[in-house]
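Colleague: Handing you this structure, nothing more for now.
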Amino acid sequence: MLAWITGLIVLLVKLVVVLVALLLTAAYLVWAERKLLARLQVRLGPNRAGKFGLLQPIADMIKLLTKEDLVPESADRVIFLLAPAVVSVTALLMFAVVPFGTDITLFGRRVPLIISDINVALLLVFAFSSLGVYGVALGGWASNSKFALIGGIRGAAQMISYELPLGLSLVPVVMLARSFSLVDIVNAQNSYPFILVQPLAFAIFVISAMAESKRIPFDLPEAENELGAGFHTEYSGMRFGLFFLGEYVHMQVLGALVAVFFLGGWRGPWLPGPLWLFVKIIAVALVMIWIRGTLPRLRYDQLMAICWKVLVPAALINIILTGFVMLI
Amino acid sequence: MSSDRTKKTKPADHPGTLIAESIKALGSGFATTAKHLLRRPVTEQYPEQKRVLPERSRARIVLTRDPDGRERCVACYLCSAVCPVSCISMQSTGGEGGRRVAAWFRINFSRCIYCGLCEEACPTSAIQLTPDFENCRQDILEMVFEKDDLLVDHGGRDDRYCFYRHAGIATDTAGKGEHVNEQPPVDAKSNLP
Amino acid sequence: MSVYAILFYAIAVFILASTAIAVTRRHLVHAAVFLALSFFGSAMLFYLLGAPLLAMLEVIVYVGAIMVLFLFVIMMVEVKGKDSGVLTRGQQAAAALLGIVYVAAAVMLVRAAAAGGNAALQAAVAEPAVFGEYLFRQHWLSIEIASFLLLIALMGVLHLGRDIRRRQTGKENAS
């Protein structure tokens with residue numbers, strides 16, 4: 001019984017630490033994105049709240065929390081209120097299976113630095129990423145607005161299409177690691193990261209993961225110059241904040257997954273594991289911001305053509321090649 | 001649809017060159033933005049750094065004065081008539097020395113769109129737009145400017161122009177025949193054939 | 001009652017309730033959402049019974065793909081829920097018959113399982129690798145047949161889409 005209670009306490013502490021770290025990083029990722037994007041566009045970015053605008057995320061949070069929470073009159077009330085939670089909760093839950101270090105020993109107990117090591121962790125990531133579609137589609141539908149509906153439909157179509165190359169690109173990784181567990185996948189990259197042997201899978205994964213997180217150049221669901229704000233046009237206050245939070249947490253999860261699947265996870269010289277993972281997440285996020293500052297939005301037919309005519313066949317060929325090489 | 005698209009763009013000679021070209025294009029794009037990262041931001045920090053606006057930029061409306069310091073406005077209602085949002089209103093009345101003046105003159109700046117048509121319509125260069133754009137108020141009623149708020153102590157752009165020196169009416173500024181480029185009035189009695 | 005039993009019955013009640021709401025809702029989107037919730041509940045049940053692979057596949061395939069496609073179609077065509085007479089008498093009879101068959105099969109399965117424990121879950125609780133090996137060694141023929149069927153369906157859809165487009169362009173050229 002005592003062991004059970006200490007186990008629960010350790011789990012709760014880990015949950016709190018990871019949650020706080022995720023939310024704080026999400027807040028400062030927003031700051032970093034605005035600042036870096038501004039410099040890419042020869043602007044200054046936020047610099048009023050605090051030194052270098054470092055208090056900007058806090059100011060934004062206060063603003064979002066104190067704003068009126070509007071529900072459109074003809075909206076489907078319950079679904080409208082719940083949809084933002086689906087987006088942010090699924091994004092947060094995906095982090096539950098990401099390992100961020102080796103086991104450490106605390107008060108004579110071995111504590112694995114992961115919230116939940118299950119043997120189907122990779123499938124869990126996909127399950128939650130496919131649940132995230134509901135938040136977008138239902139949020140867009142329940143707003144009872146044409147912009148939001150078109151955004152939601154685009155979002156649903158884009159996300160279910162890109163889930164396919166996302167999953168197929170990871171099959172070679174699973175084949176090499178011989179496990180669905182992210183801990184095993186990181187351990188399999190003990191000698192070399194998988195990006196060296198699977199550059200094609202890496203490219204496919206990054207492209208489709210960016211499409212999955214609806215960022216530029218794949219931001220058709222929220223294309224602001226044609227759809228207002230897309231699926232979250234009608235949202236205000238903290239419910240909009242939850243969509244926003246979901247996007248930035250998704251960015252971090254994406255960075256963590258790229259790190260775990262291709263860059264060796266928390267492995268690296270000199271620095272401790274969690275710090276290495278953090279560095280890799282931030283590096284991936286900064287590259288995504290750079291991409292946002294560089295590339296224009298795709299046309300809808302280009303979006304679908306890239307997914308079905310380029311990424312899916314390339315991923316399938318990659319699987320066959322990997323299997324062939326592994327058999328020899 | 002797809003057929004005429006392929007007609008316009010020249011056919012790719014080789015998939016290898018196509019991939020190489022697209023990678024080159026992507027690379028040059030990323031290099032451009034990376035170079036921008038090192039440039040000095042062009043942002044002007046507004047409340048601290050105020051740039052001098054061009055003289056003819058259109059913002060707050062003023063009523064200017066003659067070189068001799070008297071009101072130029074003759075209350076002709078032309079600005080009020082031309083105003084597309086009907087934000088100018090006034091009441092004409094007779095002033096001292098045979099002049100016409102506005103008894104009251106009112107511009108509702110909460111409606112004004114700063115189009116500058118009033119300035120173009122004004123025959124006396126009285127109503128003019130200035131580059132001073134910082135006039136927002138907490139209370140919308142404070143945006144209604146009366147004649148006292150609008151009048152300034154200078155002549156604005158045409159600061160040497162005085163309407164009553166050119167107009168053919170006798171006032172205390174210039175009597176009959178004393179206006180610029182005006183011949184003295186013909187004596188009807190000496191003009192007999 | 002152990003914690004697991006309490007969880008089991010709570011999830012079972014959740015599944016039954018959401019399924020009941022799903023089949024009685026007139027509003028199609030609400031029905032689809034409750035059906036997705038019901039699938040999610042069965043995934044939780046699979047996980048509780050020690051079959052995480054099945055749980056994840058349930059979520060990915062049923063909730064994440066099939067129900068999203070249903071939702072997508074409902075949102076696209078925006079069907080107004082009919083007030084009454086959704087099913088004809090013949091359809092009702094067929095539905096009742098299938099329901100009876102399903103209940104009978106479930107009862108037989110439970111009775112068979114009661115003798116030897118959780119017989120129906122034996123393959124499901126296996127590790128992913130073992131499960132895959134079992135599937136591809138023992139049932140490779142059925143998997144190939146099923147995938148061939150899907151491929152044919154895919155080509156059929158492609159053919160239908162192609163045909164319509166060609167007919168349309170043909171009309172445009174004629175006029």
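Colleague: Limited to the range A:247-296, what total is found for residues that are away from chain B (no Cβ under 14 Å) and in a loop (DSSP other than H, G, I, E, B)? Walk me through it before giving the result.
Modeller: So the first thing to find is which residues in the range A:247-296 are away from chain B (no Cβ under 14 Å), and the list is A:247-285.
Still in the running and in a loop (DSSP other than H, G, I, E, B): A:263-272.
Looking only at that region, the number is 10.
Colleague: Against the conditions (1) within 30 Å of A:Ile104 (Cβ to Cβ); (2) away from chain B (no Cβ under 14 Å); (3) within 23 Å of the chain's Cα centre (by Cα), where does A:Ala32 fall short? Just the number, please.
Modeller: Answer for A:Ala32: the failing condition is (2).
Colleague: Being without any contact (Cβ under 8 Å) to a residue 40 or more places away in the chain and either under 19 Å from the mean Cα position of the chain (by Cα) or open to solvent by less than 40 Å² (accessible area, probe 1.4 Å) (or both) is the requirement here; does A:Gly230 meet it?
Modeller: On the way: without any contact (Cβ under 8 Å) to a residue 40 or more places away in the chain: no; either under 19 Å from the mean Cα position of the chain (by Cα) or open to solvent by less than 40 Å² (accessible area, probe 1.4 Å) (or both): yes.
Answer is no for this residue.
Colleague: Does C:Tyr62 satisfy the condition of being modelled with pLDDT of 85 or more, closer than 30 Å to A:Gly152 by Cβ and open to solvent by 80 Å² or more (accessible area, probe 1.4 Å)?
Modeller: Taking the combined requirement at face value, the residue satisfies it.
Colleague: Return only the number of the condition from (1) within 30 Å of A:Asn47 (Cβ to Cβ); (2) open to solvent by less than 20 Å² (accessible area, probe 1.4 Å) that A:Ile114 does not satisfy.
Modeller: A:Ile114 satisfies all of (1) within 30 Å of A:Asn47 (Cβ to Cβ); (2) open to solvent by less than 20 Å² (accessible area, probe 1.4 Å) except (1).
Condition check ((1) in contact with a His (Cβ under 6 Å, 6 or more places away or on another chain); (2) of a type in the set (Asp, Glu); (3) touching a residue at least 12 places away in the same chain (Cβ under 8 Å)) across all residues:
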position	(1), (2), (3)
A:Val13	no, no, no
A:Val20	no, no, no
A:Leu23	no, no, yes
A:Ala27	no, no, yes
A:Val30	no, no, yes
A:Glu33	no, yes, yes
A:Arg39	no, no, no
A:Val42	yes, no, no
A:Gly50	no, no, no
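Colleague: Taking the condition at pLDDT below 85, small (Gly, Ala, Ser), surrounded by 16 or more Cβ atoms within 10 Å (Cβ to Cβ) and out of contact with any Cys (no Cβ under 7 Å at 6 or more places or on another chain), does C:Ala51 pass? Give the steps one after another, and end with the answer.
Modeller: Values: at pLDDT below 85: yes; small (Gly, Ala, Ser): yes; surrounded by 16 or more Cβ atoms within 10 Å (Cβ to Cβ): yes; out of contact with any Cys (no Cβ under 7 Å at 6 or more places or on another chain): yes.
Yes, satisfied.
Colleague: Quick check on the range A:102-118: of everything there that is away from chain C (no Cβ under 12 Å) and of a type outside the set (A, V, I, L, M, F, W, C), which residue is farthest from C:Ala129 (Cα to Cα)? Please lay out each step first, then the result.
Modeller: To start, the set of residues in the range A:102-118 that are away from chain C (no Cβ under 12 Å) comprises A:102-115.
Imposing the further condition that a residue be of a type outside the set (A, V, I, L, M, F, W, C) reduces the set to A:102-103, A:105, A:108-110, A:112.
Numbers: A:Thr102: 24, A:Asp103: 25, A:Thr105: 31, A:Gly108: 34, A:Arg109: 31, A:Arg110: 27, A:Pro112: 24 Å.
The selected residue is A:Gly108.
Colleague: Separate question: Among the numbered conditions (1) surrounded by 14 or more Cβ atoms within 10 Å (Cβ to Cβ); (2) out of contact with any strand residue (DSSP E or B) (no Cβ under 8 Å at 6 or more places or on another chain); (3) hydroxyl-bearing (Ser, Thr, Tyr), tell me where B:Tyr77 comes up short.
Modeller: Unmet condition: (2).
Colleague: Just to be sure I understand, how many residues within the range A:39-55 are open to solvent by less than 70 Å² (accessible area, probe 1.4 Å) and in contact with a Ser or Thr (Cβ under 7 Å, 6 or more places away or on another chain)?
Modeller: 2
Colleague: Those residues that are assigned to a loop (DSSP other than H, G, I, E, B) and either touching a residue at least 60 places away in the same chain (Cβ under 8 Å) or more than 7 Å from chain A (Cβ to nearest Cβ) (or both), I need them from the range B:24-45; list them, please.
Modeller: Step one: filter the range B:24-45 for residues assigned to a loop (DSSP other than H, G, I, E, B), giving B:38-45.
Matches in the range B:24-45: B:Leu38, B:Arg40, B:Glu44, B:Gln45.
Colleague: For the range C:73-90: of the residues being touching a helix residue (DSSP H, G or I) at 6+ places or on another chain (Cβ under 9 Å) and at pLDDT 75 or above, which is most open to solvent (accessible area, probe 1.4 Å)?
Modeller: The extreme case among them is C:Met76.
Colleague: Of the residues A:Leu11, A:Leu19, A:Leu36, which single one is surrounded by 15 or more Cβ atoms within 10 Å (Cβ to Cβ) and assigned to a helix (DSSP H, G or I)?
Modeller: On the way: A:Leu11 fails: surrounded by 15 or more Cβ atoms within 10 Å (Cβ to Cβ); A:Leu19 fails: surrounded by 15 or more Cβ atoms within 10 Å (Cβ to Cβ).
Residue meeting the stated conditions: A:Leu36.
Colleague: Please find, among C:Ala115, C:Ala93, the residue that is over 24 Å from C:Ile15 (Cβ atoms), modelled with pLDDT of 80 or more and out of contact with any Ser or Thr (no Cβ under 8 Å at 6 or more places or on another chain). Walk me through how you get there before you give the answer.
Modeller: Numbers: C:Ala115 fails: modelled with pLDDT of 80 or more.
After ruling out the rest, the residue left standing is C:Ala93.
Colleague: While we're on this one: Kindly check whether there is at least one residue in the range C:85-107 that is over 14 Å from the mean Cα position of the chain (by Cα), within 14 Å of chain A (Cβ to nearest Cβ), free of Cβ contacts under 8 Å to residues at least 40 places away in the same chain and not in a helix (DSSP H, G or I). Please lay out each step first, then the result.
Modeller: As a first pass, look at the range C:85-107 and keep what is over 14 Å from the mean Cα position of the chain (by Cα): C:85-107.
Narrowing further to those that are within 14 Å of chain A (Cβ to nearest Cβ): none.
So far as the range C:85-107 goes, no, none of its residues is over 14 Å from the mean Cα position of the chain (by Cα), within 14 Å of chain A (Cβ to nearest Cβ), free of Cβ contacts under 8 Å to residues at least 40 places away in the same chain and not in a helix (DSSP H, G or I).
Colleague: Of all residues in the range A:303-328, which are open to solvent by less than 70 Å² (accessible area, probe 1.4 Å) and within 14 Å of another protein chain (Cβ to nearest Cβ)?
Modeller: Once the filter is applied, which keeps residues that are open to solvent by less than 70 Å² (accessible area, probe 1.4 Å) and within 14 Å of another protein chain (Cβ to nearest Cβ), the range A:303-328 yields A:Met304, A:Ala305, A:Ile306, A:Val312, A:Pro313, A:Ala314, A:Gly323.
Colleague: Please give the number of the condition A:Leu295 fails out of (1) buried (at least 18 other Cβ atoms within 10 Å of the Cβ); (2) within 23 Å of B:Ala25 (Cα to Cα).
Modeller: A:Leu295 satisfies all of (1) buried (at least 18 other Cβ atoms within 10 Å of the Cβ); (2) within 23 Å of B:Ala25 (Cα to Cα) except (1).
Colleague: Checking A:Ser179 against (1) among the hydroxyl-bearing types (Ser, Thr, Tyr); (2) part of a helix (DSSP H, G or I); (3) within 11 Å of another protein chain (Cβ to nearest Cβ): exactly one of these is not met. Which one?
Modeller: (2)
Colleague: Take A:Leu220 and tell me if it is of a type in the set (A, V, I, L, M), open to solvent by less than 10 Å² (accessible area, probe 1.4 Å) and under 16 Å from A:Ala137 (Cα atoms). Write out each step before concluding.
Modeller: Values: of a type in the set (A, V, I, L, M): yes; open to solvent by less than 10 Å² (accessible area, probe 1.4 Å): yes; under 16 Å from A:Ala137 (Cα atoms): yes.
So A:Leu220 passes the test.
Colleague: Here is a follow-up. Which of the residues spanning the range A:119-157 are more than 7 Å from chain C (Cβ to nearest Cβ), small (Gly, Ala, Ser) and under 18 Å from A:Val173 (Cβ atoms)?
Modeller: A:Ala121, A:Ser129
Colleague: For the range A:124-157, name all the residues that are open to solvent by 20 Å² or more (accessible area, probe 1.4 Å), assigned to a helix (DSSP H, G or I) and either on the phi > 0 side of the Ramachandran plot or without any contact (Cβ under 8 Å) to a residue 24 or more places away in the chain (or both).
Modeller: Result: A:Lys146, A:Leu149, A:Ile153.
The values are calculated or read from the model by the stated rules, or taken from the named source; none is laboratory data. Note that the structure is predicted; figures quoted are calculated from it, not measured. With ideal geometry, Cβ positions are generated from the backbone for all residues, glycine too; neighbour counts draw on all protein chains shown. Areas reflect the complete protein model, heavy atoms only, side chains present, ligands, DNA and RNA absent. Shrake-Rupley method; radii C 1.70, N 1.55, O 1.52, S 1.80 Å.
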